[in-house]
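Written below as C-alpha cells is the structure these notes are about.
The values are calculated or read from the model by the stated rules, or taken from the named source; none is laboratory data. All figures in this text were calculated on a predicted structure; none of them were measured in a lab. In this analysis, Cβ positions are derived from the backbone assuming ideal geometry, glycine residues included, and neighbour counts consider all displayed protein chains.
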Amino acid sequence: MRASLPVAGNSSGVLAGKSALITGASSGIGAAAARVFCREGARVTLVARREPELAALTAELTAAGHQAQYVVADVTRAGDAVRAVAAAVEAYDRLDVAFNNAGLGALPGPMHLQDDKVYDEVMDVNVRGVWNCMRAELTAMLESGGGAIVNNSSTAGLVATAAGSPYIASKHAVIGLTKAAAKEYAQHRIRVNALATGATRSEMITGWMAEDPAREPAMAQKAMLRRLAETEEIAEAAVWLCADRSSYVTGTTLAVDGGRLSH
C-alpha cells in the first residue's frame, strides 16, 4: 500500500473532498474511474491484485496533484476487503463512496459443457467480491452517517444471451445484491445503485476483439450508437451515481450501453 500525499486536488468537482474506494482499479474501467474520480475532487483508494499497475497509476495521480493510495487485495477474500476499507478510513478519516468494479469475464459456451472451475471463479469474483466489499463498505458508512455505493454489473445482468451462463448468473446476482442493500440501508442515508454496462473498450474486450476483426463491428451493431463504450464513459456514469447530484436515486440499475437494451 502507498500512503496518500498531502495535496489539494480539485476542490470544485462533484466529488470534492469525498473519500472514494475503487476496486478493479489496475486497468480498464477501474483505472479510468480512478482518473475521473480524482478529476472530480475525490481522495481515492485504489484496490486490485496487480501491484505494478496500481503503483504506476497512483504515482500518475499524485504527480498530478491528487490524493491517492493503493491497496493490493483480492476482493474474493473477506479479510482483504475489510483491510482495503480500513485503509481508506485511516487515510481519509471516512469512506463516502465506493465503486465495486472488480469483475471476471468468461468465454461463452453451452451450459452443459461449462466447467465447474469456470463457474466457481466467475461467481467468486463477480458475486462474492461485491458481497465482501459491500459488507465492509456499509460498516464504514454506517459509522460515518451515510454514503453511496455503485456496483458494476452488465447488460448481462438484465437480459440473457445464448451461452455464457456463469457470467450472466453472476451479473444478475450483482443487481439482486444492489437492490437488497438499497432497501435495507436507505434509512441510514446510504444509496446503492448498479451500472448495466454494455460492450466497453477495456483491455479484456480489446484483446478478445483482436483475435477476430469481425468481432468489433458485430458488437457495435448491437448498440443504437453503433460503437463500443470508452472506459471513461462508464466512469462518468459511476461518478454521477456516487455524487450528491443523484441524491434521490437508489436501488436502480443504470444502463450505460449505447441503447443496446432498447435496440
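Odds and ends about this structure:
- Unique residue being under 27 Å from residue 182 (Cβ atoms), out of contact with any Leu (no Cβ under 9 Å at 6 or more places or on another chain) and surrounded by 18 or more Cβ atoms within 10 Å (Cβ to Cβ) when the list is 41, 28, 79: 28
- Strands (runs of 3 or more DSSP E) (entirely within region 1-101) containing at least 1 residues that are touching a strand residue (DSSP E or B) at 6+ places or on another chain (Cβ under 6 Å), closer than 22 Å to residue 171 by Cα and of a type outside the set (Gly, Ala, Ser): 19-23, 43-48, 97-100
- Pairs linking a residue in region 55-71 that is over 17 Å from residue 88 (Cα atoms) to a residue that is surrounded by fewer than 23 Cβ atoms within 10 Å (Cβ to Cβ), with Cβ atoms under 6 Å and 6 or more positions apart or on different chains, are 65/7.
- Condition broken by residue 139, with the remaining ones in (1) in contact (Cβ under 8 Å) with a residue 60 or more places away in the chain; (2) polar (S, T, N, Q); (3) within 17 Å of residue 89 (Cβ to Cβ) satisfied: (1)
- Positions within region 82-104 being acidic (Asp, Glu) and surrounded by fewer than 18 Cβ atoms within 10 Å (Cβ to Cβ), in sequence order: 90, 93
- Residue that is farthest from the chain's Cα centre (by Cα) [pool: residues in region 106-143 that are surrounded by fewer than 18 Cβ atoms within 10 Å (Cβ to Cβ) and assigned to a loop (DSSP other than H, G, I, E, B)]: 110
- Helices (runs of 4 or more DSSP H) (entirely within region 155-263) containing at least 3 residues that are surrounded by 18 or more Cβ atoms within 10 Å (Cβ to Cβ), within 20 Å of the chain's Cα centre (by Cα) and at pLDDT 90 or above: 165-185, 231-242
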